[in-house]
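Below you'll find the structure, written out as structure tokens, and then a few comments.
The values are calculated or read from the model by the stated rules, or taken from the named source; none is laboratory data. The shown structure was predicted, so the numbers you read here are calculated from the model rather than taken from an experiment. Quick reminder, even Gly has a Cβ in these numbers, built from the backbone with ideal geometry, and neighbours come from all protein chains shown.
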């Protein structure tokens with residue numbers, strides 16, 4: 001997963017470089033009109049880049065079939081039954097659902113903090129499309145190096161995924177605290193361009209790997225072969241929480257009149273799940289996941305304990 005994020009960021013850098021070339025060609029810094037037109041052209045460049053490289057993936061994606069569908073079921077009804085069954089197992093998959101809860105807060109804190117920094121950055125560069133693209137180029141390059149570097153560090157020292165995740169979470173927390181300092185002074189705290197160059201340069205050790213290791217941690221807490229179900233739930237949770245942080249931060253800014261006050265809320269939003277993740281046990285999760293699969297085989301797929309097939313189901317073990 002970390003290597004895939006590395007390549008993802010390499011593609012991101014290439015896309016930013018193409019956008020930067022278009023911005024130079026349009027002389028985006030010459031006028032407000034050119035600058036605004038440059039943003040529109042950059043969107044078109046990125047869209048074309050995505051379409052060109054997405055089509056081959058859809059055509060040649062490797063097929064990864066899941067467990068066989070029991071007889072008498074269809075994908076719609078059985079999918080609903082499986083979601084209902086998983087929901088009933090909340091208290092038996094304690095580690096998995098506990099992580100989903102803390103990820104709900106963590107994802108909201110991370111995305112909201114990036115939004116706050118982006119707003120301050122755009123103000124500092126006076127909405128310059130070229131400078132914003134410069135920052136994105138540095139961020140993408142550092143994120144690629146960071147994901148690859150943390151992956152090598154983890155393998156070399158045989159570190160747990162949770163250890164690396166907590167390191168990057170702590171770095172994200174420090175970034176929020178840096179923004180908080182901007183409440184009381186304008187000398188530091190995301191008020192100056194040099195701070196955004198520093199943020200972009202350290203992105204590979206903070207937010208870049210956070211996205212990949214947040215997903216990798218979930219992979220260690222889900223029942224084998226049911227990743228599609230629990231990662232879908234994780235995706236719903238992470239995107240479903242993305243409106244809460246901005247809404248609360250907007251209220252804080254409106255009340256205080258200081259946009260940097262929102263960093264205090266974001267710091268708390270990251271700190272709480274950061275502490276909570278320490279109490280998650282991958283070892284306990286493996287035991288819970290094995291028990292879950294055993295219950296699912298008997299109660300949902302109607303496979304007997306000795307492995308024989310019920311009259312209305314297909315034996316899961318027969319899958320190639």
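Of the candidates 66, 79, 72, 87, the single residue that is under 30 Å from residue 296 (Cα atoms), modelled with pLDDT under 80 and surrounded by 14 or more Cβ atoms within 10 Å (Cβ to Cβ) is 79. Taken over segment 238-252, the criterion of being part of a helix (DSSP H, G or I) and either modelled with pLDDT under 80 or within 11 Å of the chain's Cα centre (by Cα) (or both) is satisfied by 238, 239, 240. Screening residue 108 with (1) under 30 Å from residue 225 (Cβ atoms); (2) part of a loop (DSSP other than H, G, I, E, B); (3) touching a residue at least 60 places away in the same chain (Cβ under 8 Å) gives one miss only, at (2).
Each row is one residue, and each column tells you yes or no for (1) farther than 30 Å from residue 289 by Cα; (2) free of Cβ contacts under 8 Å to residues at least 24 places away in the same chain.
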residue	(1), (2)
206	yes, no
209	no, no
212	no, no
219	no, no
235	no, yes
256	yes, yes
263	yes, no
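Scanning segment 214-237 for residues that are buried (at least 16 other Cβ atoms within 10 Å of the Cβ) and outside any helix (DSSP H, G or I) yields 220, 221, 222, 223, 226. For the structure I just gave you, tell me whether residue 181 is surrounded by 22 or more Cβ atoms within 10 Å (Cβ to Cβ), at pLDDT 95 or above, touching a helix residue (DSSP H, G or I) at 6+ places or on another chain (Cβ under 9 Å) and under 22 Å from residue 250 (Cβ atoms). So residue 181 fails the test. Once segment 105-130 is narrowed to residues that are touching a helix residue (DSSP H, G or I) at 6+ places or on another chain (Cβ under 8 Å) and over 18 Å from residue 207 (Cβ atoms), the residue that is surrounded by the most Cβ atoms within 10 Å (Cβ to Cβ) is 129. Confirm whether residue 96 is more than 30 Å from residue 223 (Cα to Cα) and either free of Cβ contacts under 8 Å to residues at least 24 places away in the same chain or in contact with a helix residue (DSSP H, G or I) (Cβ under 7 Å, 6 or more places away or on another chain) (or both). It is false that residue 96 is more than 30 Å from residue 223 (Cα to Cα) and either free of Cβ contacts under 8 Å to residues at least 24 places away in the same chain or in contact with a helix residue (DSSP H, G or I) (Cβ under 7 Å, 6 or more places away or on another chain) (or both). If the condition is being part of a helix (DSSP H, G or I), under 14 Å from residue 228 (Cβ atoms), free of Cβ contacts under 8 Å to residues at least 12 places away in the same chain and under 27 Å from the mean Cα position of the chain (by Cα), then segment 59-87 contributes only 79.
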